[in-house]
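To keep things clear, I will list the structure first and then write my remarks on it.
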Amino acid sequence: MRKFIDEMRAHGLVDEIERPVSNRFEAAQMAAKTDRVLYFHDCDGKRAVMNLTADRKALAAALGADEKGLIRRLAGATYDGRLKPMGTLEMRPADFSELPVMTFYPKDGGPYITAGIVFSCLDGVENASIHRMMVTGKDQVAARLVEGRHTYVMHREALARGERLPVAVVIGAHPAVTFASCTRVPEGRELQFAAELLGGDLPVWECSNGVLVPEAEIVLEGYIGNKTTEEGPFVDITGTYDFERIQPVIEFTGMWTKEDPVYHSIFPGGSEHRLLMGVPYEPKIYRAVGGVTTVRNVVLTTGGCGYLHGIVQVRKNTQGDGKNAIMAAFAAHTSLKHVVVVDEDIDPFDPADVEYAIATRVRGDRDLLVVTGVRGSSLDPCREGDGTNVKIGVDATMTLGEEEKFVRAGWDE
């Protein structure tokens, strides 16, 4: 992570905050006002970084790609990077008072670790994913384990055997590792995907509980047993509070840090949060749409919380491809709420260009696809009590055979 921060510094993309900053609200308020990297030299007496990849260009740079070609590169991933064993980590007792864990909003349930990657291991299969973790003591947190996700399933399996699930939480990893942990990959291949993104090899260390971890500023090891507690409220990608739940407790048995570690924190509901939530779904949508027509690009938009709204750019081969693309996108990302399909001459990264396509190429009685009673995002305040919602697809493509009606004037005609 430090190397990546230095690269951002070299491009003039880091704001150095030398003055003391409070980890209660103040750091969050500063992160909310910019997408630039904020490097705090004194956050509650510690070093910290926010907005590490809050800009799509920064995220693309971290993953070794240019912004507009990022999705095509990710869609071609093989998840076959190599892991290089480096030995074991020597732990000391865990103590969260050593870290500037932040409280972001007045109604937060407590201080939250938001950039902690949870590595868990069961039957030789290792999973990596980000879970929000509310600090409830000097060596324990309440972790939000989303029902049906891999960590949740592994934890349930361990409990059914009368065991605890061994875990390690990594804070301050290279952004490629963070991104890989947010991506839906073949089971147990997150570290191999990170290795692929970083050029093919990834050094890993073993914790005393058997869990493998990559290089990071901070590593905590422990277990998830049958202990639970109240977790929340917490602000999610929509900028609204998610409600309180009873969630599992992670009890930490050890901690390792680099000398003078740099603590990474993701601002809830901010650009980095939204990019890490949404961009991993873009290659999945890209591959799905590629199965029904020629796909050129996919973007989950900033205004759509990086998660609920998508723009799909295609080259139509037959009339009806626009609606097929809409259905493929909804199937690939079930939390997607609204999707707009555009032609190759429309820039999917330019909201004004997309709006132009809607204004000039859409007829409401013909080009809208409305699907009711379907599963939507649990984060959408509009969802019904049973979790269902309404999805709308907009086919903003030109009618095949009538392209001359839609060609925009220019000087290179």
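The values are calculated or read from the model by the stated rules, or taken from the named source; none is laboratory data. Since we're looking at a predicted model, the values are computed, not measured. Glycine also receives a Cβ, built like all others from the backbone with ideal geometry; neighbour counts cover every protein chain displayed. Ligands, DNA and RNA are stripped out before the accessible areas are found, and what is left, the full protein with its side chains, is counted by its heavy atoms. Shrake-Rupley method; radii C 1.70, N 1.55, O 1.52, S 1.80 Å.
Every residue, every condition in (1) touching a Gly at 6+ places or on another chain (Cβ under 7 Å); (2) in a loop (DSSP other than H, G, I, E, B); (3) in contact (Cβ under 8 Å) with a residue 24 or more places away in the chain; (4) buried (at least 22 other Cβ atoms within 10 Å of the Cβ), yes or no:
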| residue | (1), (2), (3), (4) |
| --- | --- |
| 188 | no, yes, yes, no |
| 193 | yes, no, yes, yes |
| 202 | yes, no, yes, yes |
| 208 | yes, yes, yes, no |
| 227 | no, no, yes, no |
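If a residue has to be in contact with a Lys or Arg (Cβ under 9 Å, 6 or more places away or on another chain) and of a type in the set (A, V, I, L, M) to count, how many in the stretch 360-403 make the cut?
9
Taking the condition farther than 21 Å from residue 51 by Cβ and open to solvent by 40 Å² or more (accessible area, probe 1.4 Å), does residue 316 pass?
no
This table checks each residue for (1) of a type in the set (D, E, K, R); (2) touching a residue at least 40 places away in the same chain (Cβ under 8 Å); (3) in contact with a Pro (Cβ under 8 Å, 6 or more places away or on another chain).
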| residue | (1), (2), (3) |
| --- | --- |
| 19 | yes, no, no |
| 46 | yes, yes, yes |
| 71 | no, yes, yes |
| 75 | no, yes, yes |
| 80 | yes, yes, no |
| 98 | yes, yes, no |
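Would you confirm whether any residue within the stretch 346-358 is in a strand (DSSP E or B) and surrounded by 15 or more Cβ atoms within 10 Å (Cβ to Cβ)?
Pass one, the stretch 346-358, residues in a strand (DSSP E or B): none.
No: zero hits.
In the set 249, 289, which member is outside any loop (DSSP other than H, G, I, E, B), buried (at least 24 other Cβ atoms within 10 Å of the Cβ) and either under 19 Å from the mean Cα position of the chain (by Cα) or not small (Gly, Ala, Ser) (or both)?
289
Which ones in the stretch 364-388 are among the hydroxyl-bearing types (Ser, Thr, Tyr) and either surrounded by 10 or more Cβ atoms within 10 Å (Cβ to Cβ) or touching a helix residue (DSSP H, G or I) at 6+ places or on another chain (Cβ under 9 Å) (or both)? Talk me through it step by step, then tell me what you get.
First, the residues of the stretch 364-388 that are among the hydroxyl-bearing types (Ser, Thr, Tyr): 372, 377-378, 388.
Selection gives 377, 378, 388.
Given (1) under 13 Å from residue 133 (Cβ atoms); (2) of a type outside the set (S, T, N, Q); (3) more than 17 Å from the chain's Cα centre (by Cα), where does residue 79 come up short, assuming only one miss?
(1)
Can you find a residue in the stretch 134-151 that is on the phi > 0 side of the Ramachandran plot, open to solvent by less than 10 Å² (accessible area, probe 1.4 Å) and modelled with pLDDT of 95 or more?
no
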